[in-house]
Amino acid sequence: MELHREKILFYQKNRDPFLMIDFVTDYQPGIFCNGYKLLKEDEWFFKVHWPQDPNMPGALQIEALTQMGALNILTLDGNAGKLVYVVAADKVKYKKKIVPKDKLIIQTNLISWKRNIGILKAESFVNDQPACSGTFTLVLEDFLS
C-alpha cells in the first residue's frame, strides 16, 4: 500500500516546512512503513546549514526517520491525526552526508507496541548506501494525558 502526500497529512500533523517525508512506498499498520524524502536544492535548511557546504542537519534526519516511523502507529485504527512524541533516541549513527538532490530512502519497523508506547528501528539510505539509523521510543499523546 502507498500513501501520497494528502494521506500522509491526514494521518500525521507535521506541515511544511517541517514535513520531512514526501511519499510512503509501502506500509503495514503496526508493522513497517517505508518511503522517501526528495531533497530539493531550495530546502530551507540547506540555506543555513551550511551555505558553502549544504547538508541535511542530523536532527532533521532523525525527524525524517521518526515521522516515517510514527506512521506505523498512526495508521492503526483510531490513531489517525493524533500526536506522536519521540521520548528516546538510542544507537543513532550518521554514515553519509545528505545533500541537495539526494533521495533519502527511509525504512522503519515497529519492534514493540504496548500501552501506547512504541519501540521503532529506523534507517535511511542514499544511493543504496547507509545514511542514518537508530532506535527510537515513541509515545502516543494518550500516554501523556
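If we keep just the residues of the stretch 16-71 that are of a type in the set (Phe, Trp, Tyr), touching a residue at least 40 places away in the same chain (Cβ under 8 Å) and not in a helix (DSSP H, G or I), which is least open to solvent (accessible area, probe 1.4 Å)? Break it down stepwise before answering.
Going through the stretch 16-71, the residues of a type in the set (Phe, Trp, Tyr) turn out to be 18, 23, 27, 32, 36, 44-46, 50.
Narrowing the set further to residues that are touching a residue at least 40 places away in the same chain (Cβ under 8 Å) leaves 18, 27, 32, 36, 46.
With the extra rule that they be not in a helix (DSSP H, G or I), the set shrinks to 18, 27, 32, 36.
Numbers: Phe18: 84, Tyr27: 25, Phe32: 42, Tyr36: 43 Å².
The qualifying residue least open to solvent (accessible area, probe 1.4 Å) is Tyr27.
When you scan the stretch 133-145, how many residues do you find that are open to solvent by 80 Å² or more (accessible area, probe 1.4 Å) and under 13 Å from Thr66 (Cα atoms)?
Quick first cut of the stretch 133-145, residues open to solvent by 80 Å² or more (accessible area, probe 1.4 Å) only: 143-145.
Next, from what is left, pick out any that are under 13 Å from Thr66 (Cα atoms): none.
Qualifying residue count for the region: 0.
Give me the residue from the stretch 99-132 that is of a type in the set (D, E, K, R) and in contact with a helix residue (DSSP H, G or I) (Cβ under 9 Å, 6 or more places away or on another chain) and, out of that set, farthest from Ala64 (Cα to Cα). So that I can check it myself, show each step before the final result.
First pass over the stretch 99-132, keeping only residues of a type in the set (D, E, K, R): 101-103, 114-115, 121, 123, 128.
Next, from what is left, pick out any that are in contact with a helix residue (DSSP H, G or I) (Cβ under 9 Å, 6 or more places away or on another chain): 115, 121, 123.
Details: Arg115: 24, Lys121: 13, Glu123: 10 Å.
That would be Arg115.
If we scan the stretch 93-106, do we find a residue that is open to solvent by less than 20 Å² (accessible area, probe 1.4 Å) and farther than 22 Å from Phe23 by Cα?
Step one: list which residues in the stretch 93-106 are open to solvent by less than 20 Å² (accessible area, probe 1.4 Å), which gives 98, 104, 106.
Those still in the list that are farther than 22 Å from Phe23 by Cα too: none.
No, the stretch 93-106 contains no residue that is open to solvent by less than 20 Å² (accessible area, probe 1.4 Å) and farther than 22 Å from Phe23 by Cα.
Examine the stretch 79-90 for a residue that is of a type in the set (Val, Ile, Thr), open to solvent by less than 20 Å² (accessible area, probe 1.4 Å), closer than 20 Å to Lys7 by Cβ and touching a strand residue (DSSP E or B) at 6+ places or on another chain (Cβ under 9 Å), and state whether such a residue exists. I'd like the intermediate steps shown before the answer.
Taking the stretch 79-90 as the starting set, the residues that turn out to be of a type in the set (Val, Ile, Thr) are 84, 86-87.
Pick out the ones that are also open to solvent by less than 20 Å² (accessible area, probe 1.4 Å) and you get none.
No, the stretch 79-90 has no match at all.
The values are calculated or read from the model by the stated rules, or taken from the named source; none is laboratory data. Everything numeric here is computed off the predicted structure, so don't read it as measured data. All Cβ positions, glycine included, derive from the backbone under ideal geometry; neighbour counts span all protein chains shown. Side chains are part of the model used for accessible areas, which takes the heavy atoms of the whole protein and leaves out ligands, DNA and RNA. Shrake-Rupley method; radii C 1.70, N 1.55, O 1.52, S 1.80 Å.
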